[in-house]
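J.: Below is a structure I'd like to ask you about.
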Amino acid sequence: MKKLPGVLLLSIALTASACAAETSQPADPAASSPPTASYLMAGAPTFDMTIAQFREKFNASYVDTPLLEFRAIDSGAALTRAASKINETLYASTALEAGTGKIKTLQITWLPLPGPDQKAAQAKAMAYMTALLRFFEPTLTAETGRKKLDSLLTAGKGERYFARSEGALRFVVSDSGDKGLTLAIEPIKLTLPPTNSSDKTDQKQSQ
């Protein structure tokens, strides 16, 4: 588990620029503090389930990509961060609302390590990411789920933060090359859109 803290810093950092991408206020060049991740903002929505409920349903639906128990690694007044180690290069992580324990974000992070096993490790990472997509979009098949994942990863390739919003879900990709690849799924607080807007939007912020 020695790599776990670094992995979580990576997956937590992937949404650190979400506030800047999702607000219309101009950037202040003099501001020194980094933007706040969307799920850390006041009033950020949660999924209507705890991490234990998610893991039970996920493991029952996707027996080939099981998740072990999530263990808390950091706890604060607003939320608790927890992680589940899948193997040496693959991790799942989450942020939970304090008090209720409901999920604010779910993330799968893969650390690509050069070597003869990298191709197999990548295939396993893609399988877990596809399963996560299918959990939240049950109409996706294994084939269409993988196509959707490929679309998201292609759109977010080389981006520290890429987000695509569809209905009540936000899909986030953070591609740091050989330092790691993260896919996150987060809930969106729905509001009535303008009549000329679409319910599907892409957001990018490069570093």
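The values are calculated or read from the model by the stated rules, or taken from the named source; none is laboratory data. As the structure is a computational prediction, the values presented were derived from the model and not from experiment. All Cβ positions, glycine included, derive from the backbone under ideal geometry; neighbour counts span all protein chains shown. Heads up: the accessible areas ignore ligands, DNA and RNA and are worked out on the full protein's heavy atoms, side chains in. Shrake-Rupley method; radii C 1.70, N 1.55, O 1.52, S 1.80 Å.
J.: When you scan segment 110-141, how many residues do you find that are out of contact with any helix residue (DSSP H, G or I) (no Cβ under 9 Å at 6 or more places or on another chain) and under 24 Å from Phe47 (Cα atoms)?
T.: Qualifying residue count, segment 110-141: 4.
J.: Looking only at segment 164-199, filter to residues that are touching a Ser or Thr at 6+ places or on another chain (Cβ under 7 Å) and either at pLDDT below 85 or not in a strand (DSSP E or B) (or both); which one of those is least open to solvent (accessible area, probe 1.4 Å)?
T.: So the residue we want is Gly180.
J.: Would you list the strands (runs of 3 or more DSSP E) that sit entirely within segment 48-138 and hold 2 or more residues that are β-branched (Val, Ile, Thr) and surrounded by fewer than 21 Cβ atoms within 10 Å (Cβ to Cβ)? Working first, answer last.
T.: Values: elements: 71-75, 79-87, 90-97, 103-110.
Ranges flagged: 79-87.
J.: Still on this model: Select, from Thr154, Thr144, the only residue that is in a helix (DSSP H, G or I), over 25 Å from Gln53 (Cβ atoms), open to solvent by 40 Å² or more (accessible area, probe 1.4 Å) and in contact with a helix residue (DSSP H, G or I) (Cβ under 9 Å, 6 or more places away or on another chain).
T.: It is Thr144.
J.: Ok, one more. Which is over 28 Å from Gly177 (Cβ atoms) and free of Cβ contacts under 8 Å to residues at least 12 places away in the same chain, of Thr139, Thr50, Thr46?
T.: Being over 28 Å from Gly177 (Cβ atoms) and free of Cβ contacts under 8 Å to residues at least 12 places away in the same chain holds for just one of Thr139, Thr50, Thr46, which is Thr139.
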